[in-house]
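The values are calculated or read from the model by the stated rules, or taken from the named source; none is laboratory data. None of these values were measured; they are calculated from a predicted model. As a convention, Cβ positions derive from the backbone with ideal geometry for all residues, glycine included, and neighbour counts pool all protein chains shown.
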Amino acid sequence: MESIAPMSLPDKLFWYLRCRASIDPRAVHGLSCKLGCLCSTFFCNSLLHAYTRVSSSVPADARKLLDEIPQPNVATWSTVISCYARAGDLRHAVSLLRELLQESISGCEGDNFLLPHASNLGNVIAGCARAKDLKVGLQMHCTAIKLGVENDTFVAGTLIDMYGKCGKVDESLRIFNQMSDGDAVTWTSIVTCLANSGELRLWETALGIFKDMICKGIWPVNMTFVSLVKILDEPKRLCQAKQVHGCMVKLGIKIDDLLGSALIAMYGRCGGLDEAVRLSDRVNMDVVSWTSLLVAYMQNGCNLDAVNVFRKMIEEKVAVDSFTIASVIGACSAMEELEAGEEIHCYALRHDFLSDVSLCNALITLYGRCNQITKAEIVFQLLRDKDIISWTALLTCYGQNGCGGPAILLFREMLQDGIKPPIYCVSGAIRACSVIASLSMGEQIHCRTVKTGIDDDLSVENSLITMYAKCGHIELALRFFDSMTNRNIVSWNALITGFSQHGHERAALELFGQMQKEGIQPDDYTFSGVLVSCSRLGLVEQGCQYFRVMSAEYGLKPKLEHYACMVDLFGHAGKLYEAMEFINIMPFEPDQLIWEALLASCKIHGNIELVKFVAKKIMQMRPEDPSPYITLSTMYASMSMWDRKASVQAIMKDAGMQKEPGRSWIEGQDLPEDTIYTLQVGGA
């Protein structure tokens, strides 16, 4: 048996230094310089690799070592170039690559000829992809063509990825189609590129390429499926989603954490909630998987389950992130669940998550939907780095709660801060002008839409119709409606509502007739405007006919507001007991809106017995509401029943109730530009 020669002292030294380098490369680097070990290119390459694994200042240390190596080879250059590219320092990576090319040219006639390897280019191109630097990427593509390595699988794969991330998906496809063959990584690159494009046309192409991949016997990797499932994003693709999942099982693909999260998210988007839940029981759940399950519940309308998932994450001590918290706040917002939302807000505060903009935006939306305007304002004011969504969320909050004045002031503040409001912000500001009937401000914003070229946007046009109608300029609203090239149901509803609210009830009914002739499908809001018009005109039979048509012909189930309109219809016509009968046959319990509609009619027609009955109903529902007491007091006064009026006023005084003051918004030429004053008139 041949004996193994003992290691020489230099070999032992090299072996020790190489082992030690993986732990402390800087110490080994210094010791190697003292011992004169840097003459070995092989050893220096090992030290370079150690730097890339351990050192926090990799590029600078690696470059210093490169300059100290007497005879660097291609592997040496490749390591340092890759080092710079991974660190995002494209300038130095490209500079080193050019230096290597110069070395290649100068060494052509000598013995030390260096030809850049395809991996050098590939690493730099990968850096361009991460930085989305198309200009440098194009330069590297040209260099690859000159060196004849453009069809190398690694280079081609990085080129596909680079062009895809820089928005040049067609160029990625061209490179892929020119390849004679490719490995799983290359095929995965093109599938990922197409899946991330966001275009339906390219998504279908990605599915086709995946099928070709399977047919050609190229084994997909986990990342292939992670990218592919992004395409499956709607309920009609549930069957395809199950097929792709089945393909994984047949191919024996091991579902890791990343792929498991992607599959749960896929089933959530496709409406396969049961499959998502079953899958969550079989995969290792990390924070991404839990969040995917939480979002899946939300996407399928199960917001309470989403909140419970979050609570389970806390119980199991999962390290939740800001995205998870923002998602569960969105679930609370959808349910208008203030208490749970406030609990999660406290959790975010305790764990220092409130610096995250998306999370704070979700909180503003939550408080806006729960009528907690002051809390929404506080979150907004404490947010340092506001984005456009932050401003929009607060503007929407004001709009949802009828705070037209603050909404307009916020919009002005946006403009003063140099923030360009998106179209839906402009529409919201116009609607705010409608709330306070501020024609002058509405006209200013209208002029701004013309200047910025968004006056032909449908949502802006609809908001302008509403604004001009609410401000009493019906003729202008009608003229604007007639000039529209495209209309939707919101356009028709805006004008019908405007007509019905400003004494043009017959015009509202005529417009509804025109709408029917043009084959426009009405919705709930349409019939609200129509029934209000019938009520004010006293057209009881016609109103009843429209109410029947609503469900019989258009399949619309009447809501509480429609029943309130019908009660008002009977009440205005003096048919108070018919209104009571209608309330008794309603398919659900009447709420305050219904009783208030009847109370107003009873007051008009002087039916004191019904006033007392209805007022008592409202008092039981909302003991703190002063309106039924005020109506009773007024009725007793009109009938000279002063003792009873005094008795009602005494009850109000003991309960600490008083009439809510009326409000008007005041603007004037002499007022500061950023001020809208509120005039309040107190009541007895």
Check your understanding: Quick one: what pairs do we get from the range 542-554, first residue within 9 Å of residue 531 (Cα to Cα) and of a type in the set (A, V, I, L, M, F, W, C), second at pLDDT below 95 and outside any helix (DSSP H, G or I), C-beta under 7 Å, 6+ apart or different chains?
Key -> 547/558
Revision key, fill the gap. Taking the range 343-365 and keeping residues under 17 Å from residue 311 (Cβ atoms) and either of a type in the set (Asp, Glu) or not in a helix (DSSP H, G or I) (or both) leaves 343, 351, 353
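Return the only residue of 161, 170 being of a type in the set (Asp, Glu), without any contact (Cβ under 8 Å) to a residue 60 or more places away in the chain, in a helix (DSSP H, G or I) and surrounded by 22 or more Cβ atoms within 10 Å (Cβ to Cβ).
Working: 170 fails: surrounded by 22 or more Cβ atoms within 10 Å (Cβ to Cβ).
Only one candidate qualifies: 161.
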Review point. In this structure, is residue 528 in contact with a Ser or Thr (Cβ under 6 Å, 6 or more places away or on another chain) and of a type in the set (S, T, N, Q)?
Key: no
Review point. When the residues of the range 282-318 are filtered to those that are of a type in the set (Lys, Arg) and not in a helix (DSSP H, G or I), which remaining residue is surrounded by the fewest Cβ atoms within 10 Å (Cβ to Cβ)?
Key: 317
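Check 195, 206, 184 and return the single one that is among the small types (Gly, Ala, Ser), in contact (Cβ under 8 Å) with a residue 24 or more places away in the chain, surrounded by fewer than 17 Cβ atoms within 10 Å (Cβ to Cβ) and within 30 Å of residue 142 (Cβ to Cβ). Break it down into steps so the answer makes sense when it comes.
On the way: 195 fails: surrounded by fewer than 17 Cβ atoms within 10 Å (Cβ to Cβ); 206 fails: surrounded by fewer than 17 Cβ atoms within 10 Å (Cβ to Cβ).
That would be 184, the only listed residue that is among the small types (Gly, Ala, Ser), in contact (Cβ under 8 Å) with a residue 24 or more places away in the chain, surrounded by fewer than 17 Cβ atoms within 10 Å (Cβ to Cβ) and within 30 Å of residue 142 (Cβ to Cβ).
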**Study point:** Condition met for residue 229 (crowded, with 17+ Cβ neighbours inside 10 Å and within 20 Å of residue 193 (Cα to Cα))
**Key:** yes
Study note, to complete from the structure: The condition from (1) outside any helix (DSSP H, G or I); (2) under 21 Å from residue 511 (Cβ atoms); (3) not small (Gly, Ala, Ser) that residue 461 misses is numbered (1)
Review point. Looking at this structure, is residue 343 under 19 Å from residue 297 (Cβ atoms) and over 20 Å from the mean Cα position of the chain (by Cα)?
Key: yes
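Could you check, for the range 107-117, whether at least one of its residues is modelled with pLDDT of 75 or more and either under 17 Å from residue 155 (Cα atoms) or surrounded by 17 or more Cβ atoms within 10 Å (Cβ to Cβ) (or both)? Walk me through it before giving the result.
Applying the first criterion (modelled with pLDDT of 75 or more) to the range 107-117 yields none.
There is no residue in the range 107-117 that is modelled with pLDDT of 75 or more and either under 17 Å from residue 155 (Cα atoms) or surrounded by 17 or more Cβ atoms within 10 Å (Cβ to Cβ) (or both).
Condition test on residue 321, is it surrounded by fewer than 16 Cβ atoms within 10 Å (Cβ to Cβ), charged (D, E, K, R) and in contact with a helix residue (DSSP H, G or I) (Cβ under 8 Å, 6 or more places away or on another chain)? Walk me through it before giving the result.
Numbers: surrounded by fewer than 16 Cβ atoms within 10 Å (Cβ to Cβ): yes; charged (D, E, K, R): yes; in contact with a helix residue (DSSP H, G or I) (Cβ under 8 Å, 6 or more places away or on another chain): yes.
Considered against the rule, which asks whether it is surrounded by fewer than 16 Cβ atoms within 10 Å (Cβ to Cβ), charged (D, E, K, R) and in contact with a helix residue (DSSP H, G or I) (Cβ under 8 Å, 6 or more places away or on another chain), residue 321 comes out as yes.
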Review point. Which residue pairs have Cβ atoms under 6 Å apart, sit 6 or more places apart or on different chains, and have a first residue in the range 289-307 that is modelled with pLDDT of 95 or more and a second that is outside any helix (DSSP H, G or I)?
Key: 290/318
**Study point:** Scope the range 429-458; condition assigned to a helix (DSSP H, G or I), touching a helix residue (DSSP H, G or I) at 6+ places or on another chain (Cβ under 6 Å) and in contact (Cβ under 8 Å) with a residue 60 or more places away in the chain; matching residues
**Key:** 441
**Study point:** Elements of type helices (runs of 4 or more DSSP H) in the range 470-540, at least 2 residues being crowded, with 16+ Cβ neighbours inside 10 Å and of a type in the set (Ser, Thr, Tyr)
**Key:** 489-501, 524-537
Practice item. Output the number of the condition that residue 462 fails; it satisfies all remaining conditions of (1) out of contact with any His (no Cβ under 9 Å at 6 or more places or on another chain); (2) under 23 Å from residue 548 (Cα atoms); (3) surrounded by 24 or more Cβ atoms within 10 Å (Cβ to Cβ). Key: (2)
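Residues in the range 581-595: is at least one touching a Ser or Thr at 6+ places or on another chain (Cβ under 7 Å) and buried (at least 20 other Cβ atoms within 10 Å of the Cβ)?
Step one: of the range 581-595, the residues touching a Ser or Thr at 6+ places or on another chain (Cβ under 7 Å) are none.
Checked the range 581-595: no residue is touching a Ser or Thr at 6+ places or on another chain (Cβ under 7 Å) and buried (at least 20 other Cβ atoms within 10 Å of the Cβ).
Out of 587, 623, which single residue is modelled with pLDDT of 75 or more, out of contact with any Lys or Arg (no Cβ under 8 Å at 6 or more places or on another chain) and not in a helix (DSSP H, G or I)?
Numbers: 623 fails: modelled with pLDDT of 75 or more.
It is 587.
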Check your understanding: Can you find even one residue in the range 569-579 that is under 20 Å from residue 544 (Cβ atoms), crowded, with 19+ Cβ neighbours inside 10 Å and under 43 Å from the mean Cα position of the chain (by Cα)?
Key -> yes
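Results for (1) part of a helix (DSSP H, G or I); (2) farther than 26 Å from residue 118 by Cα; (3) in contact (Cβ under 8 Å) with a residue 60 or more places away in the chain, shown as yes or no for each residue.
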| position | (1), (2), (3) |
| --- | --- |
| 149 | no, no, no |
| 155 | yes, no, no |
| 180 | no, no, no |
| 246 | yes, yes, no |
Review point. Of all residues in the range 229-239 being part of a helix (DSSP H, G or I) and either of a type in the set (D, E, K, R) or under 22 Å from the mean Cα position of the chain (by Cα) (or both), which is nearest to residue 259 (Cα to Cα)?
Key: 237
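Table: residues versus (1) closer than 19 Å to residue 587 by Cα; (2) in contact with a Lys or Arg (Cβ under 7 Å, 6 or more places away or on another chain); (3) of a type outside the set (D, E, K, R).
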site: 529; (1), (2), (3): no, no, yes
site: 536; (1), (2), (3): no, no, no
site: 546; (1), (2), (3): yes, no, yes
site: 551; (1), (2), (3): yes, yes, yes
site: 557; (1), (2), (3): yes, no, no
Review point. How many residues are in contact (Cβ under 8 Å) with a residue 24 or more places away in the chain, part of a helix (DSSP H, G or I) and over 12 Å from residue 244 (Cα atoms) if we restrict to the range 210-221?
Key: 1
Exercise for review: Kindly indicate whether residue 341 is more than 21 Å from residue 292 (Cα to Cα), touching a helix residue (DSSP H, G or I) at 6+ places or on another chain (Cβ under 6 Å) and touching a residue at least 12 places away in the same chain (Cβ under 8 Å).
Suggested key: no
Review point. Looking at (1) buried (at least 16 other Cβ atoms within 10 Å of the Cβ); (2) over 27 Å from residue 152 (Cα atoms), can you tell me which one residue 246 breaks?
Key: (1)
Check your understanding: Which members of the range 366-390 meet the condition of being aliphatic (A, V, I, L, M) and assigned to a helix (DSSP H, G or I)?
Key -> 366, 373, 376, 378, 379, 382, 388, 389
